[in-house]
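Undergrad: A single structure is presented below for examination.
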Amino acid sequence: MSDNIQSENLLQPEELNPAVELTEKVLAELDHILLGRAALHRMVLIGILSQGHILLEGVPGVGKTALVKALGQLLSLDFNRVQFTPDLMPGDIVGTHILQQTPEGQREMSFQAGPVFTNILLADEINRASPKTQSALLEAMQERSVTLLGNTRPLPTPFFVLASQNPIELEGTYPLPEAQLDRFLFKLIVPHADVDVLDDIISTRRRGEPPAPAWSMSAEQLQQLFDVMDRIFLPKPVSRYISRLTAATHPSAPESTEAVRKYVTYAASPRAAIAMAEASRASALLAGRPTVGFEDVKTVASSVLNHRVILNYQARFDGVDTFAIVDGLLAALDETDLNLPDDLEIRSA
Amino acid sequence: MNADNKTISKFRIKMAAILILRRTLTLATVWGLVWGTAIIVLRAVSGMSTLILFSGGVGLILAIACGVLLALRQIPTRTTLRASLDKYSGAGGLMMAAETAELGNWRERMPAMRLPRLRWRGGVAWARFAGAALFVCVSLLIPQRFVEISKTQSLDIREEVKQLAEGIDVLKEEEIIGLTEAEKLEEKLAQLQAEASGEDPVKTWEALDHLSDALMQESAEAAQEALSETERLTEAETLSEGLINEGSEMEAGLLAESMATLSGLVQEAAQEDALLATELPDLKGDANSLTLEQLKAISAALRLSKSEISDRLAKLYAANLIDLETLKAAERLGQCDSEGLAAFLAENADSKSVAQSIGGWCRGVDRGPGDAPMTWTDGTTEEGAKFKTEILPLSDIASLEDSEIVGLSVVAPSIETSNPTSQSGALNGAATGGGSSVTQTVLPRHKGAVKRYFERP
């Protein structure tokens, strides 16, 4: 992918519109299946279009698993679910070699693929597995392949890990290491449903069971979306803004805010900037634009950065979370980098 | 594309204008403060002409040029401005993409490029610039005398000099000092005022004190002469009044002596008092027989002369050259009642002359000059004096060791010859050989102490 090539062939409306219609259709189906989660559905679809892994965090019963299952049905992709428990072993995920007798009567070690060999892997309550098992996913998430006994096996394309974790019942859990957190494109908070949504659910759904999707996207259509994604144009000022925003999460950066200098221990990695650029492209696609704007970056920045910025204990004492830090950065940083004096301001006409 | 570029150029020019104005105003303000300060310093130190100092305005042009250069460096690039326009127009990146890519059909769908409003809160900058400009104007227009720095700081002794000058004028006017001496004093005072320096005020104050002492000395001498003159004139006036009122009751001889004395007193005074000399009637002829008219004229002349002396003293007092006591003394010396003078003169005619009597009449009887002769006799000596030796009894000496001073007396100590027995001790009152016992009274508090001693664990 090259911006120079893009600049000569900006995606035209007639090329973009079918993709936009597809995304709108997916979103409409998701909104129909799971009520009151439009914003979350939008972010999840952005994550899928970016081919990134998503960590869903929410208390039990808010629809995390249902969302992933619905997504798997809508996208017509293979879907495996692994319930992570403390005694889950790496081999239970990536697969193992077993001794088998061949028709010729000989015995040989054959590879039994684990549940990771799928398109969508739902890692339910991922923080309940031991770090050893969690680490088994590192290569799969980053390289999209599994190496066992020296043999590297590619995973099916596309491959997404949609993990869920419970912010309560923390006893007996293993917090995800930063290296693994960094591999998730988004960490999305699944909130409680409000009264109207709850009313809709219990009045329209028998036992709360979501309806089956009336339509599903084919693999070709999904590939078409990925192709369109590749041609979404990222202007230079926007990529500059993403870089500045990522760099500003470092306490020593010149553009960092007072809150960053006070509360941040570890800042976002370059992988965060790449993730933000990809997610911004997907956001632009959902908005029906062939180019990424500053507003797309602002849309995805919080979800990209909130699990990558590690705060110190002072932040805990002061009740400051990463969302507040990122919001402060978005408010303080001038998107266009005009560097105007303090007494000079620009306002919309 | 062209339309976009025009809009961006327009926006850039607008921003450049504001940035240039802002930067220029700041530098002009700084230059104004520097220029104004330099003007004041140069005018104060070297008294430089304001016309020459106007040339500092060239610096203002340089400041403006620097401001323009700095502002031009601060103007954002076209790409940045395009991004800004994209943001404020809500173009979602299309405007930014248009810089490097052909929009094609998107150009029709792209929102119109709107120039955002640039707002500069320049109130403070303008106020500072106005302050600096005002400072420059004030530093140029302020009169030279307000900015001049005197090389030597003068001492303000105007009040003291004025007072001394008044004193000299009074002394000159009353002819207490001569014109030459007055001129010398005035020159000295003027020199003192000119040379008065704040760096060495003690010297100036000492010189002022010296001058003041000189004036006071002259005044004191003049006042003393005036007091003597007043006393003499008062005696003569009293005698003349007495002769006018009671002359008919006096004996012929006493009358003649009195008139002769009056003539003598008056003529003696007239030799030193020009005014009196001019006012006195013609006293040629027999000094022992003055007419009533002559006596009245003499009395009037004496009063006039006394009044003139009194006025002179009043002026000296007003000029702080003499004190109030001197003024009151003059007033006191100028008062003498003539009623009963004839009888007094007649009473003392045998023992004193009229001149002596009139002096006693006005001054009254006093304790005299007090210069009694001191006589010295031989000094006292202890030779031949004998003192009786007394040996104090031992018991008394021993008892003194434990004694307390209850008072002091200037009388001789009383000596008791008896040898009293000791009154204290546990065996007080006991006698030997009689088989008697000693009864010791134990006080209650002692009982308690003994009881506690034996009951202790």
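Undergrad: Can you tell me the 0 to 90 degree angle between the C-alpha axis of helix B:158-173 and the longest principal axis of chain B, rounded to 10?
TA: The angle comes out at about 40 degrees.
Undergrad: I've got another one for you. With every atom except the alpha carbons ignored, what do you get for Rg and Dmax of the range A:1-121, in angstroms?
TA: In order Rg, Dmax, the Cα atoms of the range A:1-121 give 20.4, 62 Å.
Undergrad: Which of A:Q112, A:Q180, A:Q83 moves the most in a Gaussian network model of chain A with Cα springs under 10 Å?
TA: Largest GNM mean-square fluctuation: A:Q112.
Undergrad: How many square angstrom of accessible surface are buried between B and A, both sides summed, with a 1.4 Å probe and rounding to 100?
TA: Chain pair B/A: roughly 3000 Å² of buried accessible area.
Undergrad: Shifting gears a bit: Compute and list, largest first, the equivalent-ellipsoid semi-axes of chain B from the alpha carbon gyration tensor, each √(5λ) rounded to a whole angstrom.
TA: 101, 69, 20
Undergrad: In debye, nearest 20, what is the charge dipole magnitude of chain B about its Cα centre with +1 on Lys and Arg Cβ and -1 on Asp and Glu Cβ, if you could check?
TA: The dipole of chain B has a size of about 8980 debye.
Undergrad: OK, next. What share of Cα pairs, in percent, lie more than 25 angstrom apart in chain A?
TA: Summing the P(r) tail past 25 Å for chain A gives 58 percent.
Undergrad: Further, regarding this structure: Tell me the angle of helix A:195-204 to the major Cα principal axis of chain A, expressed in degrees between 0 and 90 and rounded to the nearest ten.
TA: Its long axis makes an angle of about 40 degrees.
Undergrad: With a 10 Å radius around each residue's Cβ, average the other Cβ atoms per peptide and rank A:198-209, A:221-232, highest first.
TA: A:221-232, A:198-209
Undergrad: Something else about it: Once neighbouring chains are kept in place and the probe is 1.4 Å, which whole percent of the accessible area of the protein assembly as shown is contributed by carbon and sulfur?
TA: In the protein assembly as shown, the share of accessible area belonging to carbon and sulfur is 54 percent.
Undergrad: Now a separate question. Return the Rg/Rh ratio of the range A:96-202 with Cα-based radii and a Kirkwood Rh.
TA: Rounded to two decimals, Rg/Rh equals 1.12.
Undergrad: Now for a different question. Mind giving me the FRET efficiency for A:S243 and A:T157? R0 is 41 Å, r the Cβ-Cβ distance, nearest 0.05 is fine.
TA: Between A:S243 and A:T157 the formula returns 0.90.
Undergrad: Please get the size of the charge dipole for the range B:2-147, origin at its Cα centre, with Cβ charges of +1 on Lys and Arg and -1 on Asp and Glu, quoted in debye to the nearest 20.
TA: Charge dipole of the range B:2-147: 280 debye, to the nearest 20.
Undergrad: I want the local charge near A:F226. Using Cβ-Cβ distances under 12 Å, sum +1 for each Lys or Arg and -1 for each Asp or Glu among the other residues.
TA: That works out to -2.
Undergrad: By a straight-distance test (C-alpha under 16 Å), which lysines pair with B:K6 as possible cross-link partners, with residues fewer than eight away in the same chain excluded?
TA: By straight Cα distance, B:K6 reaches B:K14.
Undergrad: Let me ask another. Return the FRET efficiency for the residue pair B:E186, B:A38: r is the Cβ-Cβ distance, R0 is 41 Å, and the value is rounded to the nearest 0.05.
TA: For B:E186 and B:A38, the calculated efficiency is 0.35.
Undergrad: Taking beta carbons within 10 Å but only from partner chains, what does the mean come to for residues A:232-243?
TA: So the per-residue partner count for this stretch is 4.
Undergrad: Could you give the length gained on full extension between A:E345 and A:S216, defined as 0.36 nm per residue of separation minus the Cα-Cα distance, in nm?
TA: 41.5 nm
Undergrad: Would you compute, for the Cα atoms of the range A:232-337, the largest minus smallest coordinate along each principal axis and list the three values in descending order, in whole Å?
TA: Dimensions of the range A:232-337 along the principal axes of its Cα atoms: 44, 23, 22 Å.
Undergrad: I've got another one for you. Over the Cα atoms of the range B:127-284, what radius of gyration and what Dmax do you get, in Å?
TA: Cα only, the range B:127-284: 29.9, 107 Å (Rg, Dmax).
Undergrad: Now, a different point. Using the basic label-point model (7 angstrom from Cα toward the beta carbon), what is the B:A274 to B:R332 distance in nanometres?
TA: With each label placed 7 Å out from Cα toward Cβ, I get 3.2 nm.
Undergrad: Between Rg and the Kirkwood Rh of the range B:2-147, both from Cα atoms, what is the Rg to Rh ratio?
TA: 1.26
Undergrad: Considering all alpha-carbon pairs of the range B:158-219, what whole percent are spaced by more than 19 angstrom?
TA: For the range B:158-219, the fraction of Cα-Cα distances above 19 Å is 25 percent.
Undergrad: Another question, if that's okay. Over 20 Å apart: what share of the alpha carbon pairs of the range B:76-138 falls there, rounded to a whole percent?
TA: Considering the range B:76-138, 49 percent of its Cα-Cα pairs are separated by more than 20 Å.
Undergrad: Next question. Counting partner chain Cβ atoms within 10 Å of every residue's Cβ in B:106-112, what's the average?
TA: Mean number of neighbouring Cβ atoms from other chains: 2.
Undergrad: What percent do you get for the relative contact order of the range B:1-110 when only Cα pairs under 8 Å and 6+ apart count?
TA: Over the range B:1-110, the number comes to 33 percent.
Undergrad: Please build a GNM for chain A, connecting alpha carbons under 10 Å apart, and tell me which residue among A:V68, A:V116, A:V320 fluctuates the most.
TA: So, out of A:V68, A:V116, A:V320, the one fluctuating most is A:V320.
Undergrad: Taking only C-alpha pairs under 8 Å that are 6+ residues apart, what is the relative contact order of the range B:158-219 in percent?
TA: It comes to 40 percent, rounded to a whole number.
Undergrad: Estimate the FRET efficiency between A:A332 and B:T50 by the formula 1/(1 + (r/R0)^6), using the beta-carbon distance for r and 41 Å for R0, to the nearest 0.05.
TA: The calculated FRET efficiency here is 0.20.
Undergrad: Right, another one. Would you report the distance distribution of C-alpha pairs in the protein assembly as shown as whole percents per 20 angstrom bin, up to the bin with the largest distance?
TA: Using 20 Å bins, I get a P(r) of 10, 20, 13, 9, 11, 14, 14, 7, 1, 0 for the protein assembly as shown.
Undergrad: Now for a different question. Just need the Rg to Rh number for the range B:240-354, please, alpha carbons only, Kirkwood Rh.
TA: That ratio equals 1.03.
Undergrad: Go ahead and estimate [θ] at 222 nm for chain A from helices alone: -39,500 (n - 2.57) per DSSP H run with n ≥ 4, summed, over the residue count, rounded to 500.
TA: -13500 deg cm²/dmol
Undergrad: Of the cross-linked pairs A:K25/A:K236; A:K25/B:K87; B:K162/B:K203; B:K172/B:K328, which ones have a Cα-Cα span greater than 27 Å in the structure shown?
TA: Where the Cα-Cα span goes over 27 Å, the pairs concerned are A:K25/A:K236; A:K25/B:K87.
Undergrad: Report the Cα centroid-to-centroid distance between the range B:295-349 and the range A:163-234 in angstrom, as an integer.
TA: If you average the Cα positions of each part, the centres end up 129 Å apart.
Undergrad: Between A:Q100 and B:S310, what is the label-to-label distance in nm when each label sits 7 Å out along the Cα-to-Cβ direction?
TA: 15.4 nm
Undergrad: As I understand it, the dipole of the range A:38-119 uses +1 on the Cβ of Lys and Arg and -1 on the Cβ of Asp and Glu, about the Cα centre. Which of A:P103, A:T118, A:V62 lies farthest toward its positive end?
TA: A:V62
Undergrad: Residue farthest toward the positive end of the dipole of chain A, with Cβ of Lys/Arg at +1 and Asp/Glu at -1: which of A:S130, A:P251, A:I232?
TA: The one lying farthest along the dipole's positive direction is A:S130.
Undergrad: Dipole magnitude of the range A:72-211 about its Cα centre, charges +1 at Lys/Arg Cβ and -1 at Asp/Glu Cβ only, in debye to the nearest 20?
TA: Approximately 340 debye in magnitude.
Undergrad: List, in order, the whole-Hz ³J(HN,Hα) value for each residue of the range B:267-281 obtained from phi through the Karplus relation with A = 6.51, B = -1.76, C = 1.60 and θ = phi - 60°; use x for Gly and Pro.
TA: Once θ is set to phi - 60°, the couplings for the range B:267-281 become 5, 4, 5, 5, 5, 9, 10, 5, 4, 5, 4, 6, 7, 5, x Hz.
Undergrad: So what's the back-of-envelope 222 nm ellipticity for chain B, counting only DSSP H runs of four-plus at -39500 (n - 2.57) apiece and dividing by all residues, rounded to 500?
TA: For chain B, the value works out to -21000 deg cm²/dmol.
Undergrad: Measure nothing fancy, just the Cα-based angle from helix B:179-195's long axis to the longest principal axis of chain B, in degrees from 0 to 90, nearest 10.
TA: 40 degrees
Undergrad: Under 8 Å for C-alpha pairs, at least 6 residues apart: give me the relative contact order for the range A:232-337, rounded to a whole percent.
TA: 34 percent
The values are calculated or read from the model by the stated rules, or taken from the named source; none is laboratory data. Because the structure is predicted, anything quoted here is derived from the model rather than measured. Note that we place each Cβ from the backbone using ideal geometry, even for glycine, and neighbour counts take in every protein chain shown. Heavy atoms of the whole protein, side chains included, go into the accessibility calculation; ligands, DNA and RNA do not. Shrake-Rupley method; radii C 1.70, N 1.55, O 1.52, S 1.80 Å.
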